[in-house]
Amino acid sequence: PAREQEYDIIIDREGADHPGCGSFVLHRMELGLKVAAAHPLLGKPLTMTQLRGEEFLSLGEESNMTRILHNTCRTAGFTPHIAVSSNDIQCYEALMAAGMGIGLERRRTDGDSATAYLDVADFHEEYVVCVYYKTTAAYGNVGEFLQFLREKAQ
C-alpha cells in the first residue's frame, strides 16, 4: 500500500483497496468453466456443487482468477482441488486441453476446438477491471490519459 502512493493511475480488479482514489470500470469479462473437448461432463446441465471432487487448474495462487474460483467454490460449499497451478497462460490452456482439470477462463466465441465450456447453471462470474486514480493528479497528461481510458472503457 505505501508503494502505490508513487502511482497516479493503478489498474486493478474491482473492489481492490486503493483508499483516496477515484475509480471507474475499464473492462468487464464474462467468465466460464472450461475443460477438454472430450471431458465426460460436457453437454450435461450442471451445478457448482456437482463439481465437488473434480480436478481444477489454477493460474497461480495469487491470481485474481484463482481468487474468483476459490470464492465461487466456497459459495457452493467446497474447496477446489487444484491439480496443477501455472502462471503461464499457454501452459494453463494446454493443461486444460489435455484434460488435466477444469479451468476458469474468459468466455469467448472464437475458442479452439480442443476445449469447451461446461454448462453450469449457477456459475455467473465476471472479472471486472477498474482504473483507480489519484484525484489530486487528474489533470494535464494524467487527466488526458484518464479521459482516453474512459473513452475506451466498455
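Could you tally the net charge around Gly101, taking each other residue with its Cβ under 11 Å from the Cβ of Gly101, Lys/Arg +1 and Asp/Glu -1?
Numbers: positive: Lys34; negative: Glu54, Glu55.
Overall, the nearby charge balance is -1.
Between Tyr92, Tyr127, Tyr139, which gets the highest mean-square fluctuation from a Gaussian network model of the chain, Cα cutoff 10 Å?
Looking only at Tyr92, Tyr127, Tyr139, the largest GNM fluctuation is found for Tyr139.
I'd like to know how the chain sits against the 2.2 N^0.38 Å rule of thumb: what's its Cα Rg over that expected value?
After normalising by residue count via 2.2 N^0.38 Å, the value is 1.22.
Dipole magnitude of the chain about its Cα centre, charges +1 at Lys/Arg Cβ and -1 at Asp/Glu Cβ only, in debye to the nearest 20? Write down the numbers at each step before the final one.
Numbers: 14 positive and 22 negative charges, 55 e Å.
My answer is approximately 260 debye.
Could you compute how fast the stretch 55-109 diffuses translationally, taking Rh as the Kirkwood radius over C-alpha pairs and applying Stokes-Einstein at 25 °C with viscosity 0.890 mPa s? Give it in µm² per second.
Numbers: Rh = 11.3 Å.
Translational D for this selection: 217 µm²/s.
Out of every Cα pair in the stretch 63-154, what percent are spaced more than 20 Å from each other?
Summing the P(r) of the stretch 63-154 above 20 Å gives 54 percent of all pairs.
With a 1.4 Å probe and all protein chains kept in place, how do His39, His124 rank by accessible area, largest first?
Solvent-accessible surface, decreasing: His124, His39.
List the relative contact order of the chain as a percent without decimals, with contacts defined as Cα pairs under 8 Å and 6+ residues apart.
Relative contact order comes out at 45 percent.
What accessible area per residue comes out for the chain, rounded to a whole number of Å², with a 1.4 Å probe?
Counting only protein heavy atoms, the per-residue value for the chain is 58 Å².
Rounded to the nearest 10 degrees, what's the angle between the helix 64-75 long axis and the longest principal axis of the chain, both from Cα atoms, 0 to 90?
Relative to the chain, helix 64-75 is tipped by roughly 60 degrees.
What is the angle, in °, between the Cα long axis of helix 140-152 and the longest principal axis of the Cα atoms in the chain? Nearest 10 is fine, range 0 to 90.
The answer is roughly 30 degrees.
The values are calculated or read from the model by the stated rules, or taken from the named source; none is laboratory data. Fair warning: this is a prediction, and the values are worked out from it, not measured in the lab. Positions of Cβ are backbone-derived with ideal geometry, glycine not excepted, and every protein chain shown enters the neighbour counts. Accessible surface is based on the protein model in full, side chains and every heavy atom, while ligands, DNA and RNA are left aside. Shrake-Rupley method; radii C 1.70, N 1.55, O 1.52, S 1.80 Å.
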